[in-house]
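Notes follow the structure.
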């Protein structure tokens, strides 16, 4: 960090080219690294939301949505899934015909190292099931089975048993091989499932929730900017008795966590009849101490002389506010708009309490998402499609309008 | 009475000043009568506020009469206040009865139709903004700007056309014609007219208004929308919550005053000495009241700490630990990144936008993403660790075991996991804030320091850090206040919320559990107030420490 | 000035009309809701009722909606509105409680069995005993006795059963635990088939541990057993050892009895000694569905999700413990009537209509539930809802003397379970030894009683 600061602050002719190159590289490496950390979860979200449910659980995790490839094999009614199987040390693509073939690992009792793996239904007990021959291995009597090896029959003991899949060559179904299905990678191809979004938007009410959230956010932002500008101007520029006491009161309440208010506010909403109404998500949030505080701080920085000159010219207070203060305060307004937007768009606790879970017509995104994560708990693709719907619109908006919101805007937050 | 004898310049003003006292007398009588009629029903509880309000208005209105007659400016203040409040009450009441507020639900139905046009308006804004690219071609710039403006206007107009409920308008008009609604409307108009009558410049002059008095009135008027809403939706509920914290309210019926009992139970701790570090707590403390919270050894003696409400203390500890992890984790990288971004290298705007992205994402959505990433079996984070360890093992012939960290289900890592996510989300915003602070530092200072021979580290320590102090205080304080109230990520990511073994039980979550799951509203309110005090103290310390450079002093 | 004023007025009128309610449509949902909240004689003399139950997925929500529409036609004089409510993770109960507090809760709603006592003793739900007595043909014996004991508990007298003078609601459905088996994994491990073992009566803790160990040996990321971290799974091990959460009359903690501790110890060993289980606290469903878990303990509600997996799977009853039973739970939840309803008689009619055999068959056809009525027809129908092939395992669980999920009349279940959950979690992750657990658990958990 210090390198880059130096590099920039120093007149160019004084920096050594090599040092400069190193500083550049270090700076960009750090930026890219953090950029990756910031962006990666969103990539996971977007790509997972385009997967089919089964693919979301695959391990190792894959970014791109993939789907198992199946092939038509002569002699089988249904298409068979294709796997990459190792046969005699060679990787080849084969179709899985039978998922579970019980096999035993057999070996002659006198040479336990010479194992063969044979399906259980291809061996028979030596000398029949009734009088099965036994052999003593490690002091334990073990039953003997007739196992055919290279055309001949050898009595062997069973060391262990497991299950393998029977794979067939799709071109030549006579060629088969036994292999572990779990450890054989399936052949996949990339397939996108944008219909996940349609499902979430239409079936799970996210579309309606998106509209509601937009409406609520818009109204809260407009309302809060209005009351905050008026209040901030009064606190900053107009003298009236009790002003400073009142302002201290405002300041103190900024620190009060919202949860303190949730229950009494709920009671108030019941009284007015706004439970389960979008109005309850809008009107109470139009009046905030924080916005007033922010606007006041900014208005304080505007020179008094301008205002006094306008007063002498006969402008009214409202004219002064709209013609001088508001244009000058664009950065502060943008800041407040940003804060308010984020607050309104993301608020979850209050809608959770005030909006009836049954009334999906009035759900906002966070709420719909909360319902979705319960209802579609077994389909992470749908849950993350829902997440994407709630996360992407403000993102696009802010990136497009970043000149307005981030640039000119946030720079004032601190100045204030 | 001397003032009254002064000749009035205009007959209109004289008329107003004659009508106003009568009006106020009528208002006072009507308000008092209504208040008195409602008085016997005061026991119904919720009527208290309107009754007190009505009686207060009656008093103010009556008091205004003699002052107006004496042309005393106080009469103007009182009269304006009464008429203003009366107008507001009637107008809001009318809107309420007309269903304007609950009608927002219906608006939402049509809003979707208007949304494309709103986007069109936004597009217009983008076009307008694009005009800046033609800085050196004023003509073209103006054309593009006007095109943008046109698009905005057309978009907004279409938007309004789309969302207005045209077929509903006649019904609305009919509704307005109902007697109660008409009466309210008439009353609102009367109040407004009286307000204007007193407000107009000639009346003001007749009432001997000077600049200071005018300013006071303007100040109150400007503040009033915010202040009234603040009283209704913030201060009122706040007081109710404080009252509730002294009761045992269960959200349904019982609401008995219990004094400080809730707070006493919350904060009740006991310490007892143990004869050995492993002695059972039950032998030294009353386990009917206390649960063992912690034990420690001091100067070779062992002690056990018991708490009546163990979970509260656990939640307090978790919250503090959470802040201690999340705040530095979000502030320090932000400081670092903002210093790089402040350089004039190409591409900085891009990175700034990228870092800002997580802060605009909904917490609920982001929590779901991270929950998936943290999954210990199929999640990306553990997969990344596995790949990293395999690489290390392969490259250096090491034999590091794969930890397979159970991020959210192990009591050791769950809080850390949530804190990392929260830090990730707030980092970008803090970066932008720091960047703004950095851009306010005059470049001259750095140049001077360079001339004086300061190296980069020195400049950072002696110029950047001190001058960035106000920003730092602001960033740390806001991040801290947010972190203290952590709820959503824990609620979404951990299962059960607050688990495992209460390792992620935060204060707000504990409050939620008490208030909304266990029917203990009174107790929950007490927790809320303790949380408030904790935040207040922390913030106060922050501001004290940085007194000198704070830009936020009142 | 006049122009400005005109503009302001136009904008105000537009804004107002934008917010104006739609032209009064008789069936507008918002309208219906208001009538339900202030039931002032809805159109046509119909009584409007709102009811709610918790669906676990969208399909369930749709089925309940169609049931509501059907009953709406069937029940004379009643207009029904169904509200899905959240799912388990979506705070169904929290929201319901908030609404009860505000007086906006529906007339009839579903609550889990454990919550019945809390709701009943606070007077939030209606005692339906008198209404039931006047209803010809109604009998509490038509339902499984476990839930009905809790639903007829009279907190004043402590009496239970038909003549107790109390009836808090009727059970929507029941479920038991089974082990969902990844048959491919079990075969690959060469383990014996649990279903065959169960048929032969050899499916006990030892056989279970043997299977789990064999599966675990397949790889570092393959687990023999998985269960989620809540009272259901850990309770079965205690029950199977002859212990349990409470003493016989459910008035005190029993978590430190030797039997309970034996069950917990066996379970702890699964996690910490044999290490065959998906680590405690991790959601076992994703790894099971990814094909990495041999046996996954869950209820019938997990079936729809598991039907999407690609490997061969089936279910088997829980293994029998030292006490001779599998210690299974009988999970249930009940439709109850809001104490503040304006129409108790209609609400009671609705509760009955929602628990008829036909409606229950509809719900259980989705595969998530087992009917709560004791009838051969219901069970036979249930057995046909495959996969899983071995649906009998659920019924075996029902007939193996399961412990009914029960409310706590003498104390606070949420308080008790929050203490217990945290301490068991500490036990299963090795933060605490079984001795430390035994020494203090009951002094802590007993505070949930007698408040």
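Values in this text are rule-based calculations from the coordinates and carry no lab data. Please read these numbers as outputs of a predicted model, since none were measured by experiment. Glycine also receives a Cβ, built like all others from the backbone with ideal geometry; neighbour counts cover every protein chain displayed.
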Among A:284-294, B:60-70, how do they line up by average Cβ neighbours within 10 Å per residue, starting with the highest? A:284-294, B:60-70
Neighbour-count order for C:349, C:213, A:51, fewest beta carbons within 10 angstrom listed first: C:213, C:349, A:51
Ratio Rg/Rh, restricted to chain C and using Cα atoms, in which Rh is the Kirkwood radius: 1.04
Express the relative contact order of chain C as a whole percentage, based on alpha carbon pairs under 8 Å and six or more residues apart in sequence. 21 percent
Round to the nearest 10 and give me the degree value, 0 to 90, for the angle of helix B:469-484's Cα axis relative to the longest principal axis of chain B. 80 degrees
If A:243, A:92 are placed from fewest to most neighbouring beta carbons inside 10 Å, the sequence is A:92, A:243
What is the ratio of the Cα radius of gyration of segment A:316-382 to 2.2 N^0.38 Å, where N is its residue count, to two decimals? 1.77
Where is the GNM fluctuation largest for chain A (alpha-carbon springs, 10 angstrom cutoff): A:255, A:134, A:45? A:134
Using alpha carbons only, how many angstrom separate the centre of segment A:186-227 from the centre of segment B:83-98? 36 Å
Quick one: in the protein assembly as shown, what % of C-alpha pairs are over 59 Å apart? 26 percent
Quick one: compute a quarter of the convex hull surface over the Cα atoms of segment C:186-244 and quote it in nm². 4.8 nm²
Expressed in angstrom and ordered largest first, the alpha-carbon extents of segment A:197-415 along the principal axes are 68, 41, 27
Grab the alpha carbons of segment B:1-209, take their convex hull, and tell me the volume per residue in Å³. 210 Å³
Expressed in whole Å with the largest first, what are the equivalent ellipsoid semi-axes of segment A:158-238 derived from the C-alpha gyration tensor as the square root of 5 times each eigenvalue? 67, 18, 11
Given the C-alpha centroids of segment B:9-29 and segment A:321-371, what is the distance between them in whole angstrom? 45 Å
Heads up, segment C:79-147 by the C-alpha gyration tensor (a ≥ b ≥ c square roots of eigenvalues; a/c under 1.5 rounded, else a/b over b/c prolate, else oblate) looks prolate
Can you tell me the length gained on complete extension of the stretch residue B:270 to residue B:134, counting 0.36 nm per residue apart and subtracting the Cα distance? 41.6 nm
Peptide-level mean, for B:145-155, of C-beta atoms on other protein chains within 10 Å: 0
The Cα extents of segment B:312-549 along the principal axes, largest first and rounded to whole Å, are 65, 56, 29
Please give the helix C:231-240 orientation as an angle from the longest Cα principal axis of chain C, in degrees from 0 to 90, rounded to the nearest 10. 40 degrees
Quick one: what do you get for chain B if you divide its Cα Rg by 2.2 N^0.38 Å? 1.33
The simple spin-label model distance between residue B:242 and residue C:142, using points 7 Å out along Cα→Cβ, in nm, is 5.7 nm
Quick check on the protein assembly as shown: of the DSSP beta bridges with both residues there, what percent are antiparallel, nearest 5%? 85 percent
Using alpha-carbon coordinates alone, the radius of gyration and Dmax of segment B:346-453 in Å work out to 20.1, 57
Length gained, residue A:304-residue A:127, 0.36 nm per residue minus C-alpha separation, equals 52.6 nm
If we sort B:509-520, B:93-104 on the protection proxy, mean other Cβ atoms within 10 Å, highest first, what's the order? B:509-520, B:93-104
In which sequence would C:237, B:166 go, from the one with the fewest C-beta neighbours within 10 Å to the one with the most? B:166, C:237
If you take each beta carbon of peptide B:401-409 and count the beta carbons of other chains within 10 angstrom, what is the mean? 3
Quickly rank A:191-197, C:99-105 as a protection proxy: mean count of other C-beta atoms within 10 Å, highest first. C:99-105, A:191-197
Against the longest alpha carbon principal axis of chain A, how many degrees, from 0 to 90 and to the nearest 10, is the axis of helix A:380-400 turned? 30 degrees
Write down the Å³ per residue value for the convex hull defined by the alpha carbon atoms of segment B:70-127. 124 Å³
Quick one: the Cα spread of segment A:70-186 along its three principal axes, in angstroms, biggest first? 48, 26, 23
Need one word for segment B:89-214: rounded, prolate or oblate. Basis is the Cα gyration tensor (sqrt eigenvalues a ≥ b ≥ c); a/c below 1.5 gives rounded, then a/b vs b/c decides. oblate
Averaged over all directions, how much area does the convex hull of the C-alpha atoms of chain A cover when projected, in nm²? 39.1 nm²
Per the helix-only calculation at 222 nm, which mean residue ellipticity applies to the protein assembly as shown, given -39500 (n - 2.57) for every DSSP H run of n ≥ 4 and division by its residues, nearest 500 deg cm²/dmol? -17000 deg cm²/dmol
